[in-house]
Amino acid sequence: MCGIVGFCDFRKSSKETNLEAMMGAIAHRGPDAHGHLYYSLNDATVGLGHQRLSILDLSDEGIQPMQFEHLDIVYNGEVYNFIEVQNELRELGYSFHSHSDTEVILKAYHCWGMDALSKFNGMFAMAILDKKDETLTLIRDRAGIKPLYWYLKDGLFMFSSELKSLHQHPDFHKEINKDVLAQYLQYGYVLQPYSIFQSTQQLNAAHYLKIDLQTEAIEKKSYWRVSEWYEKPKLILTDKEAVDKTESILKKAFEYRMVSDVPVGIFLSGGYDSTLVTALLQADRDEKINTFTIGFEEGAYDESPHARAVAKHLGTEHNEYYCSQKDALDIIPKLAEIYDEPFGDASVIPTVLVSQLAREKVTVSLSADGGDEIFAGYDTYASTVTMNKRFQKIPNGVRKNLAKAMNMLSSEKIPFANKLFNFETRYEKVKNLLATENCADMFKYRSQLQTTTQLEKLLNFPVNSLKTAFDSDVSTIEDCLSQMLMVDYQTYMADNILTKVDRATMSVSLEGREPFLDYNIIEFAAQLPDHFKYRDGEQKWVLKQITHKYLPESMMNRPKMGFAPPITAWFRDELKEYFMEYLSHERLSKEGLFNADEVVALRDDYLAGKNVVVKKLWFILMFELWYEKWM
């Protein structure tokens with residue numbers, strides 16, 4: 001794993017020292033080596049920088065930037081099937097001087113151009129400078145596992161693995177995108193292609209961006225669409241065929257993620273997904289794989305006993321650590337540095353801790369993210385399917401009239417019900433849900449922590465909704481479940497889960513790998529009929545059948561817990577001072593973004609023990625910590 005930075009300055013004012021400063025800001029992504037190239041071309045000054053975490057080919061032959069003829073590359077990630085691509089290139093006359101996948105990527109691009117992307121199985125964010133064609137091309141992997149930001153303003157184009165690098169350039173213009181701030185408060189994360197800053201974007205997953213160094217023209221295109229696989233006819237398979245085929249694809253994908261010249265471990269929660277990754281990989285190995293688990297002192301949140309039992313049954317070398325309020329106190333001040341964009345998922349705390357734990361023994365750790373989004377592991381999917389069926393029985397016109405009627409009656413004026421927990425949010429959501437046209441729209445509103453109406457009360461500016469993958473055209477995807485899975489893959493999974501794991505692991509120079517996100521898995525699973533994912537109230541049916549081959553069903557059959565810390569209790573105890581300091585009326589009024597009266601009232605209701613959704617306050621707190629650090 002590595003970090004990449006660079007610029008293309010059409011004003012020719014950016015210096016080599018600017019590039020070095022940008023690299024220094026992400027040295028944690030690659031502390032083993034660094035390198036850069038700086039050119040003054042006809043129409044622009046171009047810089048490419050790289051921070052290296054040595055995983056494959058630990059020799060100097062793998063150091064970047066790497067050059068071949070008229071091409072230069074900086075690259076972050078792993079292409080797991082690089083040996084196969086390398087063999088194909090050898091047959092075409094190419095020779096190789098290193099054992100790194102970087103050289104294979106560079107020569108594959110030299111040979112096939114953008115068509116090379118269809119051959120790569122892995123996670124990657126890269127920049128390729130073509131001095132002959134005078135172009136700079138940025139590329140991001142299919143799922144968006146590896147981050148890549150870009151900035152364009154007043155003739156200066158920059159890119160980086162993390163936003164913090166851009167701050168190091170003296171001409172980076174910091175202006176908050178208020179629409180993105182509202183989006184963050186609604187979902188708890190920033191969605192592609194947006195960034196918290198104006199003039200700055202994320203490169204979408206499965207896209208490339210090419211900038212012409214002569215004309216400054218930018219071309220951005222998709223090279224793969226997950227929706228294409230959900231649009232295909234469903235496969236016709238027996239139960240046994242579905243289980244056997246799924247297991248075969250998973251085994252190959254998981255084994256690819258063990259390719260490394262340094263030690264590899266696994267994050268093990270004890271749930272089905274991480275257990276299955278561990279089971280399939282440990283089954284054919286004599287050496288014990290290191291597994292890592294975070295527990296909580298609060299028993300209702302603690303999965304560590306389950307993980308410990310799984311590890312014992314599978315025979316791994318198990319490591320665990322218990323997260324306390326003190327750990328949270330130590331980590332929270334660091335979050336704005338680690339997540340240099342507002343990020344509201346509270347499970348960042350145990351994720352940072354488990355990354356620290358793993359880094360003591362390994363340099364690479366596998367996670368099991370994506371299993372829920374690909375094989376339908378969340379309760380929301382099933383409940384939305386049920387809700388959609390009920391709503392479809394009501395004529396469209398009647399539903400819309402009901403929504404209009406609800407608009408005329410405030411939730412506050414409904415006696416008794418207005419005292420119920422989170423009633424205002426649920427009331428506003430029902431209004432939105434009544435007006436939806438399909439399951440994807442319904443899923444979008446159910447994914448929001450707050451409605452637009454509520455945000456307008458909370459913020460001191462009008463809220464404009466931004467178009468994201470939540471607004472995808474699903475007209476060619478017939479079934480409800482597939483619509484939701486397709487959207488979730490491109491939103492929550494890509495911009496919440498993958499962001500969380502990438503920044504947490506890289507903060508301690510640990511490479512995180514995502515075996516469920518092999519593109520062969522999603523292309524197959526998208527075509528699996530729904531009953532292999534959700535059957536008779538059982539989620540992830542096909543994954544569970546495979547898991548039960550390796551562990552007794554009695555060991556695995558328990559409620560899904562997730563990975564969230566007990567913040568509701570914590571912030572009424574030792575962490576209370578964070579809310580008092582950062583959500584104070586004086587601070588918020590001076591800043592001018594929030595309606596201070598609304599925020600303080602929400603804070604005080606929570607601290608008084610009233611039923612308040614603490615995530616609303618946590619999202620604001622995380623923004624305030626970010627604002628203090630970066631603005």
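The values are calculated or read from the model by the stated rules, or taken from the named source; none is laboratory data. Since the structure is predicted, the reported quantities are computational estimates derived from the model, not experimental observations. Positions of Cβ are generated from backbone atoms using ideal geometry, with glycine treated the same way; all protein chains shown enter the neighbour counts.
Data overview
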item: Unmet criterion (only one of (1) of a type outside the set (D, E, K, R); (2) buried (at least 17 other Cβ atoms within 10 Å of the Cβ); (3) modelled with pLDDT under 95) for Ile521; result: (3)
item: One residue from Val74, Val79 being of a type in the set (Val, Ile, Thr), touching a Leu at 6+ places or on another chain (Cβ under 7 Å) and buried (at least 22 other Cβ atoms within 10 Å of the Cβ); result: Val74
item: Given (1) out of contact with any helix residue (DSSP H, G or I) (no Cβ under 8 Å at 6 or more places or on another chain); (2) surrounded by 16 or more Cβ atoms within 10 Å (Cβ to Cβ), index of the condition Glu241 fails; result: (2)
item: Given (1) among the hydrophobic types (A, V, I, L, M, F, W, C); (2) in a loop (DSSP other than H, G, I, E, B); (3) surrounded by 14 or more Cβ atoms within 10 Å (Cβ to Cβ), index of the condition Ile236 fails; result: (3)
item: Selection count where residues are surrounded by fewer than 17 Cβ atoms within 10 Å (Cβ to Cβ), outside any strand (DSSP E or B) and not small (Gly, Ala, Ser), scope segment 199-223; result: 4
item: Complete set of residues in segment 221-239 that are touching a residue at least 40 places away in the same chain (Cβ under 8 Å), closer than 16 Å to Ala526 by Cα and under 28 Å from the mean Cα position of the chain (by Cα); result: Trp224, Val226, Ser227, Trp229, Tyr230, Glu231, Lys232, Lys234
item: Identity of the residue in segment 592-631, of a type in the set (Asp, Glu) and modelled with pLDDT of 95 or more, that ends up nearest to Ile567 (Cα to Cα); result: Glu624
item: Residues of segment 602-621 satisfying the condition of being crowded, with 18+ Cβ neighbours inside 10 Å and among the hydrophobic types (A, V, I, L, M, F, W, C); result: Leu602, Val612, Val614, Leu617, Trp618, Phe619, Ile620, Leu621
item: Qualifying residue in segment 570-584 (condition: of a type in the set (A, V, I, L, M), at pLDDT below 90, over 27 Å from Ala205 (Cβ atoms) and surrounded by 15 or more Cβ atoms within 10 Å (Cβ to Cβ)); result: yes
item: Filter result for Lys361 (over 23 Å from the mean Cα position of the chain (by Cα) and in a loop (DSSP other than H, G, I, E, B)); result: yes
item: Within segment 471-565, helices (runs of 4 or more DSSP H) holding 1 or more residues that are over 18 Å from the mean Cα position of the chain (by Cα) and basic (Lys, Arg); result: 541-547
item: Residue check, Val599 surrounded by 14 or more Cβ atoms within 10 Å (Cβ to Cβ), part of a helix (DSSP H, G or I), assigned by TED's automatic domain parsing to the domain that holds Thr316 and not charged (D, E, K, R); result: no
item: Count - residues of segment 151-190 that are under 18 Å from Leu19 (Cβ atoms), in contact with a helix residue (DSSP H, G or I) (Cβ under 9 Å, 6 or more places away or on another chain) and not in a loop (DSSP other than H, G, I, E, B); result: 8
item: Any hit, segment 163-178, residues being buried (at least 21 other Cβ atoms within 10 Å of the Cβ), closer than 26 Å to Ile497 by Cβ, of a type outside the set (A, V, I, L, M) and touching a Leu at 6+ places or on another chain (Cβ under 8 Å); result: no
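A quick yes/no check of all residues on (1) surrounded by 21 or more Cβ atoms within 10 Å (Cβ to Cβ); (2) in contact (Cβ under 8 Å) with a residue 60 or more places away in the chain:
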position	(1), (2)
Ala33	no, no
Tyr39	no, yes
Asp43	no, yes
Val46	yes, yes
Gly49	yes, no
Leu56	no, yes
